[in-house]
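The structure under discussion appears below in the form of structure tokens.
The values are calculated or read from the model by the stated rules, or taken from the named source; none is laboratory data. The shown structure was predicted, so the numbers you read here are calculated from the model rather than taken from an experiment. So basically every Cβ, Gly included, is an ideal-geometry build from the backbone, and we count neighbours across all protein chains shown.
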Amino acid sequence: MIDPDKIKALALDLDGTLLAPEAVLSERTIRAVTGCMRRGLRIIIATGRALAATEPFRAALGAEGPMIYFNGALVTDMPKNEILSTTLLDKKAAEFCLDLSRELGVYCQFFFPGKDSHIPLITERDGPEREMYYNHTGIQARLVDVVEFLRRDDCGGCFKSMFLAEPEVLESLRPRLDEQFGKSVYIARTLKTFLEVMDAKVSKGQALKVVMEHCSLKAEELIAFGDEENDLPLLAAAGFSVAPANAQASVKAKADLVIGSNTEDGIAAFLEEFFGL
């Protein structure tokens, strides 16, 4: 086991990891994380969520410094709102995702850079998926002509395209996306009903390296926590990796340690014992 005294930072995925089901941040988890902060540890949120959908959790923890959003497409120093890194999916790739969603009748939405913490989220069709995403994050996609938006002169691309559908539908999309893009994009399942397409240079692991350089952190000084496919690069970039019991089998297989599930405040229990909180 690693030495608690050598750990300087925790990189924390939110959904399925730090958060209990229904995206709840428990009081026990808040106490454990803030206890770590009092010990001098840096807290790095590493999420697929947009900044606005993450901010209530960051504020509840009182965490400050570089945070990772959109699976690494955006790294922002909070609460200063200073952008440290941005990587966009090009417009042609986004248009292919739109065409595929139209062809197959699968809901798709797009996240674009905006001013300050406002990230435009758009889609061209209404549906239960749009409402579901709003209920999950508090952000609702605006209904607009996506092609027209993409072809604006001031549009340099989007943070990501996101398909929302049942798992078996999303799996049927993968071969089409792989055939079109090969390794020129990064495709990741972030929740069982979310499939995201980003630039190939994007990952939570690459973003964590940006944070490490900015904060003068070494890999061996970091513990990373995650549960889904998109967390694998994050776990690989840290010196020690932890997965909750509810994580995907592939994630648990790669993690150095498997702890209690997010329904059991697994991270809080681990932090309490590991750091003697």
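Would you confirm whether or not the range 53-62 contains a residue that is under 14 Å from the mean Cα position of the chain (by Cα), in the same structural domain as GLU228 (by TED's automatic domain parsing), among the charged types (D, E, K, R) and not in a loop (DSSP other than H, G, I, E, B)?
Checked against the condition, which is being under 14 Å from the mean Cα position of the chain (by Cα), in the same structural domain as GLU228 (by TED's automatic domain parsing), among the charged types (D, E, K, R) and not in a loop (DSSP other than H, G, I, E, B), the range 53-62 yields at least one hit.
Answer yes or no: is there a residue in the range 26-36 that is within 27 Å of PRO128 (Cα to Cα), of a type outside the set (A, V, I, L, M) and assigned by TED's automatic domain parsing to the domain that holds ALA247.
Within the range 26-36, not a single residue is within 27 Å of PRO128 (Cα to Cα), of a type outside the set (A, V, I, L, M) and assigned by TED's automatic domain parsing to the domain that holds ALA247.
Applying the selection to the range 233-265, what residues are part of a helix (DSSP H, G or I) and within 18 Å of ALA9 (Cα to Cα)?
Once the filter is applied, which keeps residues that are part of a helix (DSSP H, G or I) and within 18 Å of ALA9 (Cα to Cα), the range 233-265 yields PRO233, LEU234, LEU235, ALA236, ALA237.
Scan the range 173-200 and report the pairs whose first residue is surrounded by fewer than 15 Cβ atoms within 10 Å (Cβ to Cβ) and whose second residue is outside any strand (DSSP E or B), with Cβ atoms within less than 7 Å and a gap of 6+ or a chain change.
ARG176/LEU100; LYS183/ALA200; SER184/ALA200; LYS192/PRO167
Can you tell me which residue within the range 1-25, out of those that are assigned to a loop (DSSP other than H, G, I, E, B) and within 19 Å of the chain's Cα centre (by Cα), is nearest to ALA60 (Cα to Cα)?
This residue is LEU25.
Enumerate the pairs (first residue in the range 23-37 and hydroxyl-bearing (Ser, Thr, Tyr); second residue anywhere and surrounded by fewer than 16 Cβ atoms within 10 Å (Cβ to Cβ)) with beta-carbon separation below 8 Å, excluding pairs fewer than 6 apart on the same chain, so at least 6 apart or on different chains.
From residues that are hydroxyl-bearing (Ser, Thr, Tyr), the pairs are THR34/GLY62.
Run down GLU272, GLU213 and say which single residue is surrounded by fewer than 18 Cβ atoms within 10 Å (Cβ to Cβ) and closer than 17 Å to CYS36 by Cβ.
GLU272
Please go through the range 130-167 and give me each residue that is under 19 Å from the mean Cα position of the chain (by Cα) and charged (D, E, K, R), ordered by number.
ARG130, LYS160
Taking GLY156 as the residue in question, decide whether it is in contact (Cβ under 8 Å) with a residue 60 or more places away in the chain and part of a loop (DSSP other than H, G, I, E, B).
Taking the combined requirement at face value, the residue satisfies it.
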